[in-house]
Amino acid sequence: MNELAFYALAGAPKSPRDLIEEVQLGEALGFGSVFISERFNIKEAATLSGAVGAVTQEIGIATAATNHNTRHPMVTAAFAKTMDKLTGGRFSLGLGRGIAALFDAYGIPRIKTAEMEDFAGLMRTVWDGEVVLGHDGPAGKYPLLAMGAEYASTIPLSLAAFADNSLRLGGRVFDAVVLHTYFTDETTARCVATVKRAAEEAGRDPASVRVWSCFATVGDHLPEPLRLKKTVGRMATYLQGYGDLMVKTNHWDREVLAGFRKDEVVRSIGGAIDSMATAEQLEHIATLIPGEWLAPAATGSSERCAQKIQAQFDLGCDGVIMHGASPQELAPIVAAYRARRSIGRFDHLAANPAG
């Protein structure tokens, strides 16, 4: 089912070795792709990507996302090329803008839209076996970038996009766009339209740019404390990191965000709420977040989750990433979706999530 995907190592895993069992089960369940997020701890994207490629046979693989400015371009180009050859073309290099506050803390320059566009061009040139000489552009100055014509192959590029500039860049230059979690239906439809319109304006076939809904999927077969962590905890963490952007994008009430930030319990948690908050703290935080903010998700029975996932395609999405849960946790929802899946509707989709 190439229209379905999941995120590996959802949340804060205890060990990266959990990835191996996850992706093998995900492949057995019929997921078309696995997306690999990156954190600067035990979720380094290149290592995880190689592990997935080594223990799977068919499933598509994408980073969603790594950042272009945390490695030299030739290191990233070699990483992607190695993955491409290792997996027989199942890999897509997925880039993103990153979290500004985290970049500031680590002394990493903030990423501009023009840099990602320039970098995409560099990658494609190098992967095509061509030589880059004396490059001086938004992505940096490089006297020479090349790996040799004998390694030439096409590697699809994905972009994790949020605001309009990134969405338009995705449609203009990239092969797939991954939306953010907890987008309302109106926001999702608007984002899809922005991507497709940008592709058309750039002279591309809009259908050639795959748009993935990143859809929180937390069925009620999971224990309530875990569901609270995966819904309220995750949303609260987003509001911690980039609440202004979430509120602006979804046209939500800024006063609610202000109240969330002023709350003593929220302020007392010295890190990501979804990984550090106690059950009691999450129960309190749940009173600060409106129900409509948590509504854009697949929750409830497995059948209801399957219906909600299917509705994402009606908003224009080409694929749905079941976000926030492991394949084992998603198994009954996948079974319910398979039972109601539209026969033939997704036959044109490649295993590569940006293919």
Per 10 Å bin from zero, what fraction in whole % of the C-alpha pairs of segment 139-242 is there, up to the bin with the longest pair?
-> 13, 31, 27, 19, 8, 1
Only Lys, Arg (+1) and Asp, Glu (-1) charged, at Cβ; segment 221-300 dipole about Cα centre in debye = 220
Between the Cα axis of helix 302-314 and the main Cα principal axis of the chain, the angle (0 to 90°, nearest 10) is 50
So who's got an amide H within less than 5 Å of the one on residue 323, skipping anything under 5 residues away but keeping other chains? H placed 1.01 Å off N, in plane.
-> 215, 216, 217
Listed residues 26, 300, 171; largest mean-square fluctuation, Gaussian network over the chain with Cα springs below 10 Å, found at 300
Share of pairwise Cα separations in segment 256-319, more than 17 Å, in percent = 57
Amide H contacts under 5 Å for residue 211, placed H, 5+ residues apart | 177, 318, 319
With the calculation restricted to Cα positions, what are the radius of gyration and Dmax of the chain in angstrom?
-> 19.7, 60
With an 8 Å cut-off on Cα pairs and a minimum separation of 6 or more residues, tell me the relative contact order of segment 221-300 in percent.
-> 41
Overall form of segment 278-355 per C-alpha gyration tensor (a/c, 1.5; a/b vs b/c) | prolate
Net charge contributed by nearby residues that have their C-beta within less than 14 Å of residue 141 (K/R +1, D/E -1) = -3
The helix 73-87 Cα axis meets the longest alpha-carbon principal axis of the chain at an angle in degrees, between 0 and 90 and rounded to 10, of 80
State whether segment 221-300 is rounded, prolate or oblate according to the following rule on the C-alpha gyration tensor (a ≥ b ≥ c being the square roots of its eigenvalues): a/c under 1.5 gives rounded; otherwise a/b larger than b/c gives prolate, and the remaining case gives oblate.
-> oblate
Could you list which residues have their amide H under 5 Å from that of residue 93, counting only those 5 or more apart in sequence or on another chain, with H placed in the peptide plane?
-> 158
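Coordinate-derived values only; no laboratory data. A quick note: this is a predicted structure, and the numbers were derived from the prediction, not measured. Positions of Cβ are generated from backbone atoms using ideal geometry, with glycine treated the same way; all protein chains shown enter the neighbour counts.
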